[in-house]
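Only one structure is covered here, and it is reproduced in the block below.
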Amino acid sequence: MSFDSAFDRRVIIGRSAECDLCVEDSGVSRKNTMLIATPAGWQVHDLGSSNGTRLNGERVRVAPCGPGDVVAVGETQIVLISAGAPPAELVVDLEAGRATVGDVELPLSAAELIWFGFLAAHRTTGDGWAQAGRDGHAALARWSEALLGREWAAEVKTRPLLDLARGHDVDDEDLKNLRGKTAQKLKAFCTGELAWLAALVVPEVLGKNRQRVPAANVRLVAAPAQ
């Protein structure tokens, strides 16, 4: 099945006749999935369905999507042909000391921006996952040391991050506080009219010690060498 999303801004998919796109598939809930246009581009949302929603073969709850992507519900596949406006770009400007999506600036402290920038830098290479635990301390130390000399980073007061950049041994439990606060602040920020931002900026977690920025469209400005 193909569907041109350029003609609608919100599309509900399911077995119910009330859905915008009704599919006769026993593996699909009455209201299974929603495609919605946001200022950042199109997103796919699973609506708490029994069998879930898959995007390009991977089960998702909320995820950005675009032309060429395949949304699968049950045995039904929906190919996105046109997604309207291009997805918003996450810009992490490490010269000015801010991170923005479109005209929205993320409310990050200087220390939080260093950690968020570390995740964003990894998102531009490989599979995008950064080692958040002790195995990643050496890389984070180099990254932090390179940034702490910048004017905006003079506000950093987070002792574990400062110690790490100075080459001291740091307990990972202390850095977990920085990682957790960054994620919680972004999650709290992405509510109401800004709820669409969550699928782009709230860090994803894999296992105990891996994180990444969910946005695939990331641009770094004045980033230090990794």
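Summed over the residues of the chain and divided among them, the accessible surface reaches 51 Å² per residue at a probe radius of 1.4 Å. Of the GluC sites (Glu not before Pro) found in segment 92-180, the ones in coil according to DSSP and having at most 16 other Cβ atoms within 10 Å of their Cβ are E95. Size check on segment 144-214: the Cα extents along the three principal axes, sorted descending, read 40, 32, 16 Å.
Before rounding to the nearest 500, sum -39500 (n - 2.57) across all DSSP H runs of length at least 4 in the chain and divide by the residue total; then give [θ] at 222 nm in deg cm²/dmol. Mean residue ellipticity at 222 nm (helix-derived): -7000 deg cm²/dmol. Between V70 and T191, the FRET efficiency estimated from the beta carbon spacing at R0 = 35 angstrom works out to 0.70. Taking the Cα centre of the chain as reference, the dipole from Cβ charges on Lys and Arg (+1) and Asp and Glu (-1) amounts to some 380 debye.
Here the calculated FRET efficiency for Q184 and R10, from their Cβ-Cβ distance with R0 = 25 Å, stands at 0.30, rounded to the nearest 0.05.
GNM remark for the chain: springs join alpha carbons under 10 Å apart, and the peak mean-square fluctuation among A72, A215, A111 falls on A72. In a fully extended conformation the segment linking A198 and K176 would gain 5.9 nm over its present Cα-Cα distance, using 0.36 nm per residue. Just to confirm the filter: which chymotrypsin sites (Phe, Trp or Tyr not before Pro) across segment 50-153 are DSSP coil and have at most 16 other Cβ within 10 angstrom of their Cβ? Filter output for segment 50-153: empty list.
Distance between the 7 Å Cα→Cβ label points at A96 and E145: 3.0 nm.
Kyte-Doolittle cut-off 0.5, length cut-off 18 Å along the helix's own axis using Cα: show which whole DSSP H helices in the chain pass. Those that pass (Cα extent of 18 Å or more, hydropathy at least 0.5) are 110-123.
Restricting segment 108-207 to trypsin sites (Lys or Arg not before Pro) that sit in a DSSP loop and have at most 10 other Cβ atoms within 10 Å of their own Cβ leaves K157.
Seen from V104, the other residues with C-beta closer than 13 Å to its C-beta sum to a net charge of -3, counting Lys and Arg as +1 and Asp and Glu as -1. The calculated FRET efficiency for V221 paired with E18, based on their beta-carbon distance and R0 = 45 Å, is about 0.45.
DSSP assigns beta bridges within the chain; of those with both partners inside it, close to 80 percent run antiparallel. For K185, the lysines whose Cα falls under 29 Å of its own Cα, not counting residues fewer than eight places away in the same chain, are K157, K176, K208. A straight Cα-to-Cα reach below 15 Å connects K187 with the aspartates and glutamates E105, E112, E204, residues fewer than 8 places away in its own chain not being considered.
The values are calculated or read from the model by the stated rules, or taken from the named source; none is laboratory data. Note that the structure is predicted; figures quoted are calculated from it, not measured. Here Cβ is always computed from backbone atoms with ideal geometry, including for glycine, and neighbour counts include all displayed protein chains. Just the protein is used for accessible areas: all its heavy atoms, side chains included, with ligands, DNA and RNA removed. Shrake-Rupley method; radii C 1.70, N 1.55, O 1.52, S 1.80 Å.
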